[in-house]
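To keep things clear, I will list the structure first and then write my remarks on it.
The values are calculated or read from the model by the stated rules, or taken from the named source; none is laboratory data. As the structure is a computational prediction, the values presented were derived from the model and not from experiment. Every residue, glycine among them, receives a Cβ derived from its backbone with ideal geometry; neighbour counts consider all protein chains shown.
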Amino acid sequence: MTTIAQQLRLVQDRIQAACLTAGRDPAAVRLVAVSKTFDAQAVSEAVLAGQWAFGENYIAEGVEKIQAMQRTQAACSGLAGILEWHCIGPVQSNKTRLVAEHFDWVQSVDRLKIAQRLSEQRPAGLAPLQICLQVNIDGGANKSGLAPEEVQALAGQVATLPRLVLRGLMAIPEPAIDFVAACALHASAKALFDQINASGALATPMDTLSLGMTADLEAAIQAGSTMVRVGTAIFGGRG
Ligand SMILES: *Cc1c(COP(=O)(O)O)cnc(C)c1O
């Protein structure tokens, strides 16, 4: 039976190999382990194997796990404060306070109103919330995210909110028929990212392009992803 530690190692090897193929420094691609639907025990196993950034889609489930891990960390002082939690699922207005109070990153911002609430509700004692704007890069019908042409304006607005730091863009391209097609989809997100940074509209350029999951992380890294979000390959199928 493979363990979470072994599967995590395989994912790290995939990232390393993809970076080598792409001629990129493996240190330039971060791994967020997507622990949605898996329990705090699974997260603990990954932490023991050296993983510290985790992604959650469902707010209530994520907050419960964050709090469970904080209790574990309090009992084990070496771990205190090292975990980093990424909200990667849709955020409704009535959930912004929970998100602002518990997560470190929100990668799924696609409306100014949500960004404003997150900024207002971010507790003063915590570091600013790190933000990625979600882009619907291929116009997928049932997907949230900004249309590509809307991204620059919202980026400019989010960058001015006091308790947020705009870090970059996140996208979830539709499954592609092959590697080349997947690369092309991811490359369009990279092009948008580069175009906004080059426009000079932001005082501080974005540094994070969150692209790539279990099925397409190689294509994403080839296209320039700096952060892959991987669930299934680490924790197993979600049924
Ligand atoms: C579930 C999810 C992932 C992880 O997907 P896998 O295919 O299990 O690796 C990544 N990003 C988002 C936004 C997700 O919802």
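When every residue of region 9-32 is checked against the conditions, at least one turns out to be under 30 Å from LEU146 (Cβ atoms), touching a Pro at 6+ places or on another chain (Cβ under 6 Å) and part of a helix (DSSP H, G or I).
The single residue among SER144, SER210 that is within 16 Å of the chain's Cα centre (by Cα) and either at pLDDT below 95 or away from the ligand (no atom under 16 Å from the Cβ) (or both) turns out to be SER144. The condition of being of a type in the set (Lys, Arg) and exposed (fewer than 12 other Cβ atoms within 10 Å of the Cβ) holds for only one of ARG97, ARG71, ARG9, ARG24, that being ARG71.
Of the strands (runs of 3 or more DSSP E) lying entirely inside region 36-124, not one carries at least 3 residues that are closer than 22 Å to GLY237 by Cβ and polar (S, T, N, Q). Search region 222-239 for residues being touching a strand residue (DSSP E or B) at 6+ places or on another chain (Cβ under 7 Å) and of a type in the set (A, V, I, L, M, F, W, C), and hand back the single one that is nearest to the ligand (Cβ to nearest atom). Filtering region 222-239 for residues that are touching a strand residue (DSSP E or B) at 6+ places or on another chain (Cβ under 7 Å) and of a type in the set (A, V, I, L, M, F, W, C), the one nearest to the ligand (Cβ to nearest atom) comes out as VAL230. Do we have GLN12 as among the polar types (S, T, N, Q), out of contact with any helix residue (DSSP H, G or I) (no Cβ under 8 Å at 6 or more places or on another chain) and either modelled with pLDDT of 95 or more or under 22 Å from PHE179 (Cβ atoms) (or both) here? Yes. Do we find a residue being in contact with a helix residue (DSSP H, G or I) (Cβ under 8 Å, 6 or more places away or on another chain), surrounded by 17 or more Cβ atoms within 10 Å (Cβ to Cβ) and closer than 14 Å to ALA53 by Cα anywhere in region 74-82? So far as region 74-82 goes, yes, one or more of its residues are in contact with a helix residue (DSSP H, G or I) (Cβ under 8 Å, 6 or more places away or on another chain), surrounded by 17 or more Cβ atoms within 10 Å (Cβ to Cβ) and closer than 14 Å to ALA53 by Cα. Residues that are away from the ligand (no atom under 16 Å from the Cβ) and of a type in the set (S, T, N, Q) were ranked within region 93-130; the one that is nearest to LYS143 (Cα to Cα) is SER93. Annotation note: Cβ proximity below 8 Å between a residue of region 27-40 that is within 14 Å of ILE221 (Cα to Cα) and a residue that is more than 15 Å from the ligand (Cβ to nearest atom) and outside any strand (DSSP E or B) (sequence gap 6+ or interchain) occurs for ALA28/CYS19; VAL29/CYS19. Among residues of region 46-58 being more than 13 Å from the ligand (Cβ to nearest atom) and surrounded by 19 or more Cβ atoms within 10 Å (Cβ to Cβ), the one that is nearest to ARG167 (Cα to Cα) is GLN51.
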